[in-house]
Every structure is written in structure tokens, then in C-alpha cells.
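Worksheet for the structure shown next.
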Amino acid sequence: MIHATAIIHPKARLDSSVQVGPYAVIDEEVEIGPGCIIGPYVYLTGLTSIGAGNRFFAGAVIGEEPQDLKFKGGSTRLRIGDNNIFREHVTVHRSNNSEQATVIGSNCFLMHNSHVAHDVVLGTDVIVASGALLAGHVEVADRALVSGNCLVHQFVHIGTLALMRGGSAISKDLPPYTIARGENGICGLNLVGLRRAGMPSGDQVELSRLYRALFRSGLNMSNALAEAREKFSSEPAKVMMDFVASSKRGVCFDVSVRGKKKPQPRTDTDAHG
């Protein structure tokens with residue numbers, strides 16, 4: 001069903017099962033697969049390919065030009081997989097040039113007012129909570145969770161099953177399975193996420209030991225990695241070690257080692273709440 005007030009370009013390609021709400025706008029180069037629901041006031045534009053079963057809530061803007069001064073115009077790309085949810089006022093921008101694409105995988109949940117910038121790549125089952133901002137060229141691996149009002153600097157990589165606590169900000173890569181806290185800090189493993197993902201307890205124990213070896217041993221990362229490769233062999237451990245070894249930006253640090261803050265004196269305001 002297509003609402004009478006929706007504006008759809010004659011060359012846009014919509015599966016016959018697509019539902020379009022009032023005042024939605026769908027531009028010329030958009031392609032929408034079966035079972036998608038386009039809510040009121042949604043704007044779909046650019047060379048945007050949308051798979052099956054996606055849902056776009058009121059006011060989402062999908063496929064707009066990148067916010068990049070280097071952008072020279074043209075039909076750059078956005079690819080969206082299947083069964084994703086885009087809540088109210090989510091913005092997703094297409095790529096900066098025609099050789100690359102912004103990519104949203106499948107089964108992702110982008111909550112209201114979150115932003116995905118140009119050339120970002122999201123894997124599957126990624127959650128980006130309300131108000132979180134992903135800058136250009138960020139990569140987020142499968143099952144990662146970016147909590148509300150988090151900030152992710154351009155080109156940062158976030159590993160699988162990593163979790164960013166609300167309000168945290170990172171400009172370094174976030175290793176898989178870890179929890180980000182504060183600014184470029186990590187505070188242990190995402191054990192709840194590992195259990196929910198069905199990771200065997202033996203692998204969880206080995207990851208805990210590996211975490212201590214890499215981030216709490218006091219060794220520089222090169223030496224810590226070299227020692228760790230001699231001791232740890234599970235597949236999740238290899239994933240973490242390979243991620244750290246391949247990082248171009250450096251990885252976040254453990255807050256218990258480098259992130260302690262000096263206690264601040266109490267004030268009258270503190271005393272009265």
C-alpha cells in the first residue's frame with residue numbers, strides 16, 4: 001500500500017509488497033526489496049539499494065550526500081541488507097566516491113537520532129543506540145553494541161561482540177569482546193554478550209587470561225602479543241590477537257592500568273546532591 005501523499009520518482013524500483021506511509025519521499029535511484037515498510041516523512045535518496053524486510057520509522061533520512069568537504073558530487077552508493085530497523089530521525093549517508101559504498105548489513109537496529117556517516121560498514125546484528133554518532137569510514141563488526149550518545153572517530157574499527165558503554169568516546173580501535181568506557185578506555189570483557197552468543201565457557205576463560213596478558217601485563221603491546229601467541233590458541237583468542245596486531249590506529253587501553261583519575265575534592269554542590 002502506498003499512501004496518496006507519498007512522492008515516489010517514476011524510476012524508483014519498489015517491490016510490489018513495499019508499504020509507503022504519508023509524505024515519504026523516494027528518489028530516482030532507490031531500489032527497495034520485498035516486505036519493507038517506509039514510515040511517514042521518510043526520505044530515501046541517492047544510489048541506495050535496500051534488501052528485504054527493512055523498516056524505516058518517521059523522519060529517517062537515508063542515502064543523503066556525505067558531510068565531507070572532499071565530496072565532489074555524483075551517484076555514490078549505500079547498500080542495506082535485510083531485516084534492519086531504522087528508528088525515528090536516523091541518518092545514514094552514502095559513500096564519498098563511486099568506488100566504495102556505505103554498507104549496513106542485516107538484522108541491525110539503529111535507534112532514534114543515531115547517525116551513520118559516509119563509508120561506514122556495519123556487519124550483522126549490530127545495535128547503534130539513540131544519539132550515537134559513527135564518523136566516516138568506521139567499521140563495526142558483527143554483534144557489536146554502540147550504546148546511547150557514544151562518539152566514534154573516523155576510521156575506527158570496532159571488533160565483534162564489543163560493547164561501548166553509554167556516553168563513551170573512542171578514537172582508537174576497540175578490540176573484539178571488550179567493553180569501552182570513558183575516552184579510549186576499556187574495562188574488561190563483555191561477558192554477558194559472550195554468554196548470550198553461546199561462546200563455550202572454556203573459550204571465555206581463555207579470553208579472560210588473554211585480556212590480562214595483553215592489557216594488564218605492563219608489557220608494550222608488541223611484546224605482549226608475541227608472548228600471547230605462544231600461550232593462547234582458541235579461535236576467539238586468535239580473533240582478538242589478529243585484531244590488535246592489525247590495528248593501524250592503536251587500540252584502547254585498560255582503564256585500571258592507565259585510566260585512573262585522581263580523586264576530586266567534594267564541594268558544597270556535591271554534598272547537597
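The values are calculated or read from the model by the stated rules, or taken from the named source; none is laboratory data. Treat the numbers as computed from the prediction; the structure is a model and nothing was measured. Don't worry about glycine lacking a Cβ; one is built from the backbone with ideal geometry, like all the others, and counts go over all protein chains shown.
So which residues in segment 1-16 are under 20 Å from ASP82 (Cβ atoms) and either part of a strand (DSSP E or B) or out of contact with any strand residue (DSSP E or B) (no Cβ under 8 Å at 6 or more places or on another chain) (or both), if there are any at all?
Applying the first criterion (under 20 Å from ASP82 (Cβ atoms)) to segment 1-16 yields 12-16.
Selection gives ARG13, LEU14, SER16.
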Hand me the list of helices (runs of 4 or more DSSP H) wholly inside segment 159-273 holding 3 or more residues that are at pLDDT below 95 and either touching a Ser or Thr at 6+ places or on another chain (Cβ under 7 Å) or surrounded by fewer than 19 Cβ atoms within 10 Å (Cβ to Cβ) (or both).
255-258, 268-271
Residues in segment 95-110: is at least one in contact (Cβ under 8 Å) with a residue 40 or more places away in the chain, within 20 Å of LEU163 (Cα to Cα) and in contact with a Leu (Cβ under 7 Å, 6 or more places away or on another chain)?
no
Could you figure out which of (1) farther than 23 Å from ALA4 by Cα; (2) among the β-branched types (Val, Ile, Thr); (3) crowded, with 19+ Cβ neighbours inside 10 Å isn't true of ILE85?
(3)
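Take the residues in segment 1-51 that are of a type in the set (S, T, N, Q) and under 28 Å from the mean Cα position of the chain (by Cα); name whichever of them is surrounded by the most Cβ atoms within 10 Å (Cβ to Cβ).
Taking segment 1-51 and keeping what is of a type in the set (S, T, N, Q), we get 5, 16-17, 19, 45, 48-49.
Narrowing further to those that are under 28 Å from the mean Cα position of the chain (by Cα): 19, 45, 48-49.
On the way: GLN19: 16, THR45: 20, THR48: 26, SER49: 18.
Once the filter is applied, the top-ranked residue is THR48.
For segment 139-155, check the following and say yes or no: at least one residue is among the hydroxyl-bearing types (Ser, Thr, Tyr), buried (at least 19 other Cβ atoms within 10 Å of the Cβ) and in contact with a Pro (Cβ under 7 Å, 6 or more places away or on another chain). It would help to see each step written out before you state the result.
Of all residues in segment 139-155, those among the hydroxyl-bearing types (Ser, Thr, Tyr) come to 147.
Filter once more, keeping what is buried (at least 19 other Cβ atoms within 10 Å of the Cβ): 147.
This time we only want the ones that are in contact with a Pro (Cβ under 7 Å, 6 or more places away or on another chain), so: none.
Among the residues of segment 139-155, not one is among the hydroxyl-bearing types (Ser, Thr, Tyr), buried (at least 19 other Cβ atoms within 10 Å of the Cβ) and in contact with a Pro (Cβ under 7 Å, 6 or more places away or on another chain), which makes the answer no.
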Given the criteria among the basic types (Lys, Arg) and in contact (Cβ under 8 Å) with a residue 24 or more places away in the chain, does ARG13 qualify?
no
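How many of the residues in segment 17-57 are small (Gly, Ala, Ser) and outside any loop (DSSP other than H, G, I, E, B)?
As a first pass, look at segment 17-57 and keep what is small (Gly, Ala, Ser): 17, 21, 24, 33, 35, 39, 46, 49, 51-53.
Those left that are additionally outside any loop (DSSP other than H, G, I, E, B): 49.
Qualifying residue count for the region: 1.
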Just a yes or no: is a residue in segment 129-140 among the polar types (S, T, N, Q) and over 19 Å from VAL61 (Cβ atoms)?
no
